Structure formats: C-alpha cells, structure tokens
1. Could you grab me the full set of residues in the range 64-89 that are exposed (fewer than 14 other Cβ atoms within 10 Å of the Cβ) and in a loop (DSSP other than H, G, I, E, B)?
2. Just checking, does the range 90-100 include any residue being in a helix (DSSP H, G or I) and either in contact (Cβ under 8 Å) with a residue 40 or more places away in the chain or under 27 Å from residue 44 (Cβ atoms) (or both)?
3. Just the residues that are touching a helix residue (DSSP H, G or I) at 6+ places or on another chain (Cβ under 7 Å) and at pLDDT 90 or above, please, taken from the range 1-37.
4. Does residue 116 satisfy the criteria of being crowded, with 18+ Cβ neighbours inside 10 Å, farther than 29 Å from residue 39 by Cα, at pLDDT 90 or above and in contact with a helix residue (DSSP H, G or I) (Cβ under 7 Å, 6 or more places away or on another chain)?
5. Taking into account only those residues within the range 28-63 that are assigned to a helix (DSSP H, G or I) and in contact with a strand residue (DSSP E or B) (Cβ under 7 Å, 6 or more places away or on another chain), which is surrounded by the fewest Cβ atoms within 10 Å (Cβ to Cβ)?
6. Would you pick out the residues in the range 131-140 that are part of a helix (DSSP H, G or I) and out of contact with any helix residue (DSSP H, G or I) (no Cβ under 9 Å at 6 or more places or on another chain)?
C-alpha cells in the first residue's frame, strides 16, 4: 500500500489522489489540444458494427467529455472521501469482523480509499485515450 507523505501541518500528499487529478487534467488537456481540429458536427453515437448513427455539435461534444471527466473525478474522489465517514454497517467486505475490527479498521479504510483513487486514475487514463482517439489525434 502506498502511504501518504506528510507535507506541511496536517496536509498530506497521496500519490493516488495526485494520479486521479493528473489523469483528469490529461482528459481535459487532450480535449483542449484537439478542440480546434474538431469538425462542427462530431460523430457521437455508433452502432454495434461501428457505423456512425448520431452526431452532436462541437460544443456539445466538449461539454459532454468535460462533464464525464468531472463526474468521474467527483465519484471516485467522493467515494474515497466518504468511505471513512460511512457507518461500518454500510461497508461490505468479506470477513467483516476481522477487517473492521478496531485494530485493523484504519488500515482497511485507508486501503479502500487508496484503491478507489487508483481505480479512478485508471478510468480517467482510459477516458483520455478514448478522447485522444475520438478527436482524431494522429500524434505529435
């Protein structure tokens, strides 16, 4: 498990939270870099065969991608934040008595928070890749 690093006072640096922030910025940056190159009508809906079945405006597409990226960030960071504040009865883990016993509770909840943040970063990295492909980027 990746431990937070103490900085100033009671602020800590969590590599997993930094990764989530960085990958969210990557999604938004990818969209920003390629926005001018997008056509006025962007293919936004596809059939199972890969054929375009719907379009949206360039602005609506950008708002949609931005909304998804921000929503993903809020969900993963929010769950990571809330997991420590939920009643233990709402946390479902195998062998609950063992993992949520007083001597293991803090470590278990910290691990859950950390894993949620890393999963969010992986999701945002996937979203950045999809955005890069979708916006027609050909590379540097």
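1. The answer is 84, 85, 86, 87.
2. Looking through the range 90-100, none of the residues is in a helix (DSSP H, G or I) and either in contact (Cβ under 8 Å) with a residue 40 or more places away in the chain or under 27 Å from residue 44 (Cβ atoms) (or both).
3. Correct list: 16, 17, 19, 20, 23, 24, 26, 27, 28, 30, 31, 35.
4. yes
5. Residue satisfying both the conditions and the ranking: 58.
6. 133, the sole residue that qualifies.
The values are calculated or read from the model by the stated rules, or taken from the named source; none is laboratory data. All figures in this text were calculated on a predicted structure; none of them were measured in a lab. We place every Cβ from the backbone using ideal geometry, glycine too, and count neighbours over all the protein chains shown.
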